[in-house]
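Report on the following structure.
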Amino acid sequence: MNNVQQLSLPSTVPAGIEVWLLELNLRAPISNSDFLLLSKIERAHALHFYTLADQVRSVATRATLRKILAKKLAVPPEQLHFATNHFGKPYLHNNTDIEFNVSHAGRFALIATSINGQVGVDIEDCNRQLDVGALTEYVFTSLERQSKLMTKEEFIERWVAKESVLKALGVGISEYLQAISVLPLGSKNYRVVSNHLDLSDVRVWLINVPDCYVAALAVKNHQDAQDSCGIEEK
């Protein structure tokens, strides 16, 4: 059985933004009812994974996303049609009223929904083995490195904040890592700056998730709409 709960968000997160935490049972068989909710492409994608854990993670997360969106839109979950932009970010085909984003790590997945702008979310397992020294120059700009990240947890906090911003923008993560800087404003939120992009309408927060995990939420308002030119999933 996989459990899902809506998370409490920082008070400064705009209304219309929700984040759901899905706790996954990665040893259980794939749920047949969840599997039947998925499109042919989603089923094939899930079964492409080698391990049962990855297959369960894929099916459960996508099925839960469908259920959450279907309830908000008052349609059957199996009737939702997804497309992707040219960077691979999914969105609802022919529906601009609601944005969403998904992330997973270990035995948890996050699903963010928004009726108040583009949204990005990221979760990471703090127990991951990371070579922080080697990754810092690749992940962070010179401006970000001036803040002297000292610990692995600080590195992961900044990383999830940055990845959530890039996911909210709907751009390629590796291509844009050096295009933006995510700088701390306090213990739970960040400001985002760029020499090339206007990011004055982007905000990002750390959000509370279970111990040994770190997660962040980013929101960009609707003045620059999601690129609607993409590929529909069947």
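Tabulated data
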item: Sum of side-chain charges, Val56 neighbourhood, beta-carbon under 15 Å (Lys, Arg +1; Asp, Glu -1); result: +1
item: Spin-label model distance (nm) - Leu177 vs Phe87, 7 Å beyond Cα toward Cβ; result: 1.5
item: Net length gained if the chain between Gln79 and Cys212 were fully extended (0.36 nm per residue, minus Cα distance); result: 44.2 nm
item: Listed values (i) 50, 39, 32; (ii) 46, 37, 36; (iii) 80, 45, 38, entry calculated as Cα extents along the principal axes in Å; result: (i)
item: Average Cα contact separation per residue, the chain, under 8 Å, 6 or more apart, as relative contact order %; result: 20
item: Acute angle (nearest 10 degrees) that the helix 52-73 long axis makes with the longest principal axis of the chain, alpha-carbon atoms; result: 80
item: Principal axis dimensions, region 1-80 - Cα atoms, whole angstrom, descending; result: 41, 27, 19
item: Distance from region 9-77 to region 126-180 (C-alpha centre basis), Å; result: 26
item: 25 Å Cα-Cα reach of Lys220 towards lysines, excluding residues that sit fewer than 8 places from it in its own chain; result: Lys67, Lys71, Lys72, Lys89, Lys162, Lys167, Lys188
item: Pairwise label distance in nanometres, Leu36 with His48, each label 7 Å out on the Cα-Cβ vector; result: 2.6
item: Per residue, in Å², the accessible surface of region 92-212 once ligands and nucleic acids are set aside, probe 1.4 Å; result: 47
item: Rounded to the nearest 10 Å², the accessible area of Arg43 at probe 1.4 Å; result: 70
item: Candidate residues Val165, Val75: accessible-area rank, largest first, probe 1.4 Å; result: Val75, Val165
item: Thr151-Arg128 pseudo-label distance in nm [points 7 Å out on the Cα-to-Cβ vector]; result: 1.8
item: Estimated 222 nm signal from helices in the chain, with DSSP H stretches of n ≥ 4 weighted -39500 (n - 2.57), rounded to 500; result: -9000 deg cm²/dmol
item: Length-normalised contact order of region 11-133 in % [C-alpha pairs under 8 Å, at least 6 apart]; result: 27
item: Neighbourhood net charge (12 Å Cβ-Cβ; Lys/Arg +1, Asp/Glu -1) for Leu183; result: +3
item: Linear extension gain, Lys71 paired with Ser200, 0.36 nm per residue minus alpha-carbon span; result: 43.2 nm
item: Whole-number percent relative contact order across region 82-221, with pairs defined as alpha carbons under 8 Å at least 6 apart; result: 24
item: Percent carbon-and-sulfur accessible area, the chain, ignoring ligands, DNA and RNA, probe 1.4 Å; result: 52
item: Highest-fluctuation residue, Arg191, Arg57, Arg203 considered, GNM on the chain with Cα pairs under 10 Å; result: Arg191
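The values are calculated or read from the model by the stated rules, or taken from the named source; none is laboratory data. Not measured: the values here are computed from a predicted model. Every residue, glycine as well, gets a Cβ built from its backbone with ideal geometry; the counts of neighbours run over all protein chains shown. Accessible surface areas use protein heavy atoms only, side chains included; no ligands, DNA or RNA. Shrake-Rupley method; radii C 1.70, N 1.55, O 1.52, S 1.80 Å.
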